[in-house]
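The structure under discussion appears below in the form of C-alpha cells.
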Amino acid sequence: MPRRYLHYDVFTREPFAGNQLAVFLDGRGLDAARMQAVAREMAFSETTFVLPPEEPGTDVRLRIFTPGLELPAAGHPTIGSTFALVEDGVIARRRASFVFGLGVGPTPVSMEWDGDRLRFAWMTQRLPEFGPVVADQSAVADALGLRSDDLRTGFPVQQVSCGVPFLFVLLETRDAVDRAVSETGPLRRLNERTGLKLPVFLFTLEAGEPEATVYSRMFSPQFGIAEDPATGIASGPLGCYLVRYGLVGAESAGRILSLQGQAMGRPSRIHIRIAGGREQITKVEIGGESVLVARGEMVV
C-alpha cells in the first residue's frame, strides 16, 4: 500500500542544506525489517516512522532507522519529525510542547512559533554519561588520517552519551577537522584497538564565524553513514563536553552553536543549551529549524 512521507532538510532554514530526513507519517503494519529496508532505500542518514503511542505520557511512538540499523534516539529525526507532524496536523498550531516515545523513553520537544508557523524546535536529551577515555591519542589521529599534533593537548578523547554514545575528539584547527577522513578500515581497527565501537565526533573551537562556538564533523561507517551533515544526538554530549572541561563558560552554556556539514556542502546549524555547571549538568537541549523539501509516497 502507498505510504505517505515528507522530506525535510533539518538544522537549516534553506532547502538543500542541513541533514535530509524522510518522515513516514503512518508506520502501522510495518515490521522492523520492512522499516529497515525502507530506510536503506531512502539512503538518508535517518528515516523515521510515526506510530501510535505505547507509553503513558507520550503523544506518538517514533522509530528511527539509519541505512544500517535502528537507533534508540536521534536529534535531527526528532526535530524534523516535529515539523512534519505540524505540517500533517497531528501537532496543533501554537502548541507549546509534544512528547515522543523513543527507544530511550519519553522525549519532550518544545516549540517556538511565529504566529501559526513553527519557527524552531528544542529536544530535551538525557543527562550526560561520561565514559572511557582513549589514552593512545596517536592511534586516534592515525585512524582519522591526521597527525598527533592535530589533536588539542590537555583534553581527553572520550566517550560521552546523552542516549547514544560517541567518541569526542577535540582538534586544534578547522583545517585539521577538514583534513580528517572517514575510512571504514582504519576506524574499525580503532574500534577493535580501544574496545569502543563508537561513531567519531570531531570538533574545533576555531569555528570560523563570530556567533559559532565549534566547527564539527561526524563519522559513523558502522551506522551505514560515512559522514553525517548534522548529528543532533551527538550535539547534546558535545555541549556537555564543552561545559565539563571549561571550554565554554557558564554565561555561554545556554547559547552554544555547532557548525556541521560544511565539508559536505550541506551546512547545518545546531543550537545547544546546557543548564547547570561543570560538576553537575541538570538539563541538555538541542534545537534547530527545518525546511519542507518534498512530499511523496512509497509503495511498501
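For residue 18, indicate whether it is buried (at least 18 other Cβ atoms within 10 Å of the Cβ), under 17 Å from the mean Cα position of the chain (by Cα) and either under 16 Å from residue 7 (Cα atoms) or in contact (Cβ under 8 Å) with a residue 40 or more places away in the chain (or both).
yes
So, restricting to strands (runs of 3 or more DSSP E) that lie completely within the range 1-95, which ones have at least 1 residues that are of a type in the set (Gly, Ala, Ser)?
In the range 1-95, the matching strands (runs of 3 or more DSSP E) lie at 19-24.
Restricting attention to the range 137-162, which residues are buried (at least 17 other Cβ atoms within 10 Å of the Cβ) and free of Cβ contacts under 8 Å to residues at least 12 places away in the same chain?
Within the range 137-162, 141 is the sole residue that qualifies.
Listed residues 119, 61, 126; which is closer than 23 Å to residue 6 by Cα and surrounded by 16 or more Cβ atoms within 10 Å (Cβ to Cβ)?
61
Given (1) surrounded by 20 or more Cβ atoms within 10 Å (Cβ to Cβ); (2) under 19 Å from residue 124 (Cβ atoms), identify the lone condition not met by residue 35.
(2)
Just name the residue that is surrounded by the most Cβ atoms within 10 Å (Cβ to Cβ) out of those in the range 279-288 that are hydrophobic (A, V, I, L, M, F, W, C) and more than 30 Å from residue 3 (Cα to Cα).
284
Have a look at 108, 165 and point out the one that is closer than 28 Å to residue 33 by Cβ, of a type outside the set (S, T, N, Q) and surrounded by 14 or more Cβ atoms within 10 Å (Cβ to Cβ).
The match here is 165.
Which members of the range 254-285 meet the condition of being at pLDDT 95 or above and either within 14 Å of residue 205 (Cα to Cα) or of a type in the set (D, E, K, R) (or both)?
Listed by number, the residues that qualify are 255, 256, 257, 258, 259, 260, 266, 269, 273, 283, 285.
Going residue by residue through the range 285-296, is there one that turns out to be free of Cβ contacts under 8 Å to residues at least 60 places away in the same chain and assigned to a strand (DSSP E or B)?
Checked the range 285-296: no residue is free of Cβ contacts under 8 Å to residues at least 60 places away in the same chain and assigned to a strand (DSSP E or B).
Scan (1) free of Cβ contacts under 8 Å to residues at least 60 places away in the same chain; (2) within 21 Å of residue 180 (Cα to Cα); (3) surrounded by 24 or more Cβ atoms within 10 Å (Cβ to Cβ) for the single condition residue 239 breaks and write down its number.
The one condition residue 239 does not meet is (2).
Okay, residues lined up against (1) loosely packed, with under 15 Cβ neighbours inside 10 Å; (2) β-branched (Val, Ile, Thr):
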{"residue": "244", "(1), (2)": "no, no"}
{"residue": "248", "(1), (2)": "no, yes"}
{"residue": "260", "(1), (2)": "no, no"}
{"residue": "277", "(1), (2)": "yes, no"}
{"residue": "290", "(1), (2)": "no, no"}
{"residue": "296", "(1), (2)": "yes, no"}
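Considering the range 279-300 alone, what residues qualify as being of a type in the set (Val, Ile, Thr) and closer than 15 Å to residue 123 by Cα?
Those that are of a type in the set (Val, Ile, Thr) and closer than 15 Å to residue 123 by Cα: 282, 284, 286.
Would you mind stating whether residue 48 is touching a residue at least 60 places away in the same chain (Cβ under 8 Å), hydroxyl-bearing (Ser, Thr, Tyr) and buried (at least 17 other Cβ atoms within 10 Å of the Cβ)?
No; evaluated as a whole, the condition is false for this residue.
Return yes when residue 212 is modelled with pLDDT of 95 or more and assigned by TED's automatic domain parsing to the domain that holds residue 275 and no when it is not.
Considered against the rule, which asks whether it is modelled with pLDDT of 95 or more and assigned by TED's automatic domain parsing to the domain that holds residue 275, residue 212 comes out as yes.
Anything in the range 21-32 that is surrounded by 24 or more Cβ atoms within 10 Å (Cβ to Cβ) and either in the same structural domain as residue 228 (by TED's automatic domain parsing) or not small (Gly, Ala, Ser) (or both)? List them, or say none.
Correct list: 21, 23, 24.
Filter the range 208-235 for residues that are out of contact with any Gly (no Cβ under 7 Å at 6 or more places or on another chain) and in a helix (DSSP H, G or I); which is surrounded by the most Cβ atoms within 10 Å (Cβ to Cβ)?
Across the range 208-235, the extreme among qualifying residues is 234.
Of all residues being charged (D, E, K, R) and under 22 Å from the mean Cα position of the chain (by Cα) in the range 1-15, which is surrounded by the most Cβ atoms within 10 Å (Cβ to Cβ)? Just the residue, please.
Ranking the candidates gives 9 first.
The values are calculated or read from the model by the stated rules, or taken from the named source; none is laboratory data. All figures in this text were calculated on a predicted structure; none of them were measured in a lab. Cβ atoms come from the backbone with ideal geometry, glycine included; neighbour counts cover every protein chain shown.
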